[in-house]
Amino acid sequence: MFDTARLKAQKGYGQVSTANSNRDGTGTTVLIFTGQNSFGSVINYITVKAESTTTPGMVRIFVKDAALWYLLQEFPIPASDPTGVLESYETMVYFPGNGLWVPQDVEIHATTENAEVFNVIANGFTWDYCACP
């Protein structure tokens, strides 16, 4: 038998709503995703979806590795006023190639510039090896 890579879907969710204008990881952040097992995990894309009306601001994505914080991505948020026929603001970032590798126990966090509600969803996978037939 040979060891075979076995992929497992991994999704992380979080809802940010507390205003935090810091770009260094300090202040209120929300955990979105954590790297799993000794092989780590991969994020293919992150979605940011507003729940209601927005004003110009920013949603930020951070990498937390032990006590170190790194600003990974900033999503500019425009003013929008959803109605019964106009959707709320939504954006996505794709990580090309093999995606964004997230080592074991490394965390992905999110913040919002303004006190508005955003759902942040990370879609990816983790894997392990098995002696599968």
Quiz item: If you go through segment 1-37, how many residues are within 15 Å of Leu68 (Cα to Cα) and not hydroxyl-bearing (Ser, Thr, Tyr)?
Solution: 6
Quiz item: Of all residues in segment 4-38, which are β-branched (Val, Ile, Thr), more than 12 Å from Arg60 (Cβ to Cβ) and part of a loop (DSSP other than H, G, I, E, B)?
Solution: Thr18
Quiz item: For Ala110, all conditions in the list (1) surrounded by 14 or more Cβ atoms within 10 Å (Cβ to Cβ); (2) free of Cβ contacts under 8 Å to residues at least 12 places away in the same chain hold save one; what is the number of the exception?
Solution: (2)
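Could you say which residue among Ile32, Ile43, Ile108, Ile77 is within 20 Å of Thr126 (Cβ to Cβ) and either of a type outside the set (A, V, I, L, M) or in contact with a Ser or Thr (Cβ under 9 Å, 6 or more places away or on another chain) (or both)?
Values: Ile32 fails: either of a type outside the set (A, V, I, L, M) or in contact with a Ser or Thr (Cβ under 9 Å, 6 or more places away or on another chain) (or both); Ile43 fails: either of a type outside the set (A, V, I, L, M) or in contact with a Ser or Thr (Cβ under 9 Å, 6 or more places away or on another chain) (or both); Ile77 fails: within 20 Å of Thr126 (Cβ to Cβ).
None of the other options fit; the residue is Ile108.
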Quiz item: Out of all the residues in segment 31-86, which are over 16 Å from Ala19 (Cβ atoms), of a type in the set (Ser, Thr, Tyr) and surrounded by 13 or more Cβ atoms within 10 Å (Cβ to Cβ)?
Solution: Thr34, Ser41, Tyr45, Thr47, Ser80
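Please go through segment 87-105 and give me each residue that is among the hydrophobic types (A, V, I, L, M, F, W, C) and either surrounded by 17 or more Cβ atoms within 10 Å (Cβ to Cβ) or out of contact with any Ser or Thr (no Cβ under 8 Å at 6 or more places or on another chain) (or both), ordered by number. If you could, list the steps in order and put the result at the bottom.
Initial filter on segment 87-105 (among the hydrophobic types (A, V, I, L, M, F, W, C)): 92-93, 95, 100-102.
Passing the criteria: Val93, Phe95, Leu100, Val102.
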Quiz item: Are any residues in segment 1-22 within 15 Å of Glu74 (Cα to Cα) and surrounded by 15 or more Cβ atoms within 10 Å (Cβ to Cβ), and if so, which ones?
Solution: Val16, Asn20, Asn22
Exercise. Search segment 65-82 for residues that are within 17 Å of Phe33 (Cα to Cα) and among the basic types (Lys, Arg) and pair each with any residue that is modelled with pLDDT under 95 and surrounded by 11 or more Cβ atoms within 10 Å (Cβ to Cβ) when their beta-carbon atoms are under 7 Å apart and the residues are at least 6 apart or on different chains.
Key: none
Exercise. Can you run down the residue pairs with Cβ atoms below 6 Å, 6 or more apart or on separate chains, where the first is in segment 33-51 and closer than 17 Å to Glu113 by Cα and the partner is assigned to a strand (DSSP E or B) and among the β-branched types (Val, Ile, Thr)?
Key: Thr47/Ile121; Val48/Val59; Val48/Thr91; Val48/Val120
Self-check item: Every residue from segment 58-79 that is over 21 Å from Tyr13 (Cα atoms) and modelled with pLDDT of 95 or more
Solution: Leu68, Pro78, Ala79
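The values are calculated or read from the model by the stated rules, or taken from the named source; none is laboratory data. Not measured: the values here are computed from a predicted model. Reconstructed Cβ throughout: ideal geometry from the backbone, glycine too, with neighbour counts over all protein chains shown.
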